[in-house]
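The values are calculated or read from the model by the stated rules, or taken from the named source; none is laboratory data. Note that this is a predicted model, so its numbers are computed, not measured. FYI the Cβ positions are ideal-geometry reconstructions off the backbone, even for glycines, and counts take in every protein chain you see. All accessible areas refer to the heavy atoms of the entire protein, side chains included, with ligands and DNA or RNA removed. Shrake-Rupley method; radii C 1.70, N 1.55, O 1.52, S 1.80 Å.
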Amino acid sequence: TINSLCHLIDFYKNSKEDLTKNWLKSRLFKIPNEKITQLTKDFLKPFRSFVEPDGTVYYERHPLLKKLFLQIKSEESQIKLQLKNILNSENFINSLQYHAFDTINDRYVVPISSDRYSHSLGKIISRSASGKTLLVEPNEISQNNDKRIELINLLEKKILEISKKFCEIIQKNTSYFATMGQFIFEVD
């Protein structure tokens, strides 16, 4: 929704003059230039600093999200390195249903054949529909999974805080966003 409102501001700013030169209804969609400038400064530019127009989010571009995002990436790299060793270890190699790993409920897991499962391999997180494959969190990565999930939760909390600030701006400027929406509707 925030991205859509950024598109509204962009469209309004970039087309208002060209599309309304000889249009009698244009006065119905007049928003003071200083308001558009303020919305661009306080809303559009801060959002575009880390979210592209196509919706791609670059957490590492935001000062409050960068550190957490990089910590998550680091934790994931450590887990994947450990998983590579685990998948090739004697404890697991003969128990694997196939040689790969996956994530279930944000936890990295390995596929273990149900008839070769042992509690010493790790905790069962899920199982296939047929019951022949158990998705097991190896004991060696359990703490890393926990830390990664904790970091993801912190990142989501920060994202909510940032979103709340954008929502406050939206709430204060609802009538302007409505005018821009009506403008696009009429132009279309």
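Some observations on this one:
- In order through the range 143-154: 3J(HN,Hα) via Karplus (6.51 cos²θ - 1.76 cosθ + 1.60), integer Hz, x for Gly, Pro: 5, 5, 4, 4, 5, 4, 5, 4, 5, 4, 5, 5
- Residue separation of residue 160 and residue 70 scaled by 0.36 nm, minus their Cα-Cα distance, works out to 30.6 nm of gained length.
- Sequentially through the range 65-74, phi angles give Karplus couplings (6.51, -1.76, 1.60; θ = phi - 60°) of 9, 4, 4, 4, 4, 5, 5, 4, 4, 5 Hz, Gly and Pro residues having no value and appearing as x.
- In the full protein context, the chain carries 63 Å² of accessible surface per residue, based on a 1.4 Å probe and ignoring ligands, DNA and RNA.
- Computing percent of Cα pairs over 21 Å apart for the structure here picks out one of (1) 48; (2) 64; (3) 59, namely (2).
- Carbon and sulfur %, accessible surface of the range 90-141 computed with the full protein complex present, 1.4 Å: 43 percent
- Listed peptides 6-12, 134-140, 49-55 by packing density, highest first (mean Cβ within 10 Å): 134-140, 6-12, 49-55
- In the chain, helices alone account for a calculated mean residue ellipticity at 222 nm of -17000 deg cm²/dmol, with every DSSP H run of four or more residues adding -39,500 (n - 2.57).
- In this structure, the amide hydrogen of residue 127, modeled 1.01 Å from its nitrogen in the peptide plane, lies closer than 5 angstrom to those of 135, counting only residues at least 5 positions away or on a different chain.
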